[in-house]
Amino acid sequence: MKTTAALFDFDGTLTRGDSLLPFLRQVRGPLRLGMDFVRTSPWLAGYALKLLDNGRAKEALLARTLGGLPWEQVAEHGARFAKERIPALLRPDTLERLHWHQSQGHLCILISASLDVYLNPWAQSAGFDFCLTSVLERDRHDRVTGRLVGGNCHGAEKVRRIDTLFAQIGRPEKIYAYGDSPGDRAMLEQADVGIWV
């Protein structure tokens, strides 16, 4: 077992901003995505007013934008987004930290509320050991439902998933964590070295 681990949030930490909306724009196109936002505005407004948690608002948007699409089609978009779009979103400074941890032989874990459909292929190409994300649910016909398996990987859920992984593989002696938002606070507080980006 590796004795040191580095946990990296994705949006705003390894990237300069959000990745979900650019992905949804790729799948839906700008006009249809705009209409999807109008139709989900009650949920998005509820989240903005702190009446709804981010997971419920996100699932409402995902159900509207991706719900009913064949998994294979969404996965193809995810692979293309990972290869063609993510490189332009990346921050050189935190990418350099990732490469340093990898050069030291540290266990590198990507943990994000963003979607598995594009983060899994990107994390594999970037050399992460593990990728913990929000996972799109599929129905028995292999179509995306818009719901998230196990909920949104955000806040306390990030810590729960990290603890579950470490229970399986063993807890490293030293843990670094990199994050940029309140959704990363619990993860950063659990780490030996928590770094706000």
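Summarising the strand pairing of the chain, around 25 percent of its internal DSSP beta bridges are antiparallel.
Rounded to the nearest 10 degrees, the inclination of helix 92-103 to the longest alpha-carbon principal axis of the chain is 50 degrees. Calculated on the Cα set of the chain, radius of gyration then Dmax: 16.7, 50 Å. Against the longest alpha carbon principal axis of the chain, how many degrees, from 0 to 90 and to the nearest 10, is the axis of helix 54-65 turned? In the chain, helix 54-65 runs at an angle near 50 degrees to the longest axis.
Assign unit charges at the C-beta atoms only (+1 for Lys and Arg, -1 for Asp and Glu), then state the dipole size of segment 4-196 relative to its Cα centre in Debye, rounded to the nearest 20. The partial results should precede the final answer.
Working: 24 positive and 23 negative charges, 121 e Å.
Charge dipole, segment 4-196, about its Cα centre: 580 debye, nearest 20.
When you count the other C-beta atoms within 10 angstrom of each residue and take the mean per peptide, 17-23, 119-125 line up highest first as 119-125, 17-23. Our coupling estimate for segment 138-155, obtained by passing each phi through the Karplus curve with A = 6.51, B = -1.76, C = 1.60 and θ = phi - 60°, is 10, 8, 5, 9, 6, 10, 6, 8, x, 7, 10, 5, x, x, 7, 7, 8, x Hz, Gly and Pro reported as x.
Here the residues Thr145, Thr94, ranked from fewest to most Cβ neighbours within 10 Å of their Cβ, fall in the order Thr145, Thr94.
Coordinate-derived values only; no laboratory data. On a predicted model such as this, the values are computed, not experimentally measured, just so you know. Cβ sites come from the backbone with ideal geometry, for glycine too, and all protein chains shown count toward neighbours.
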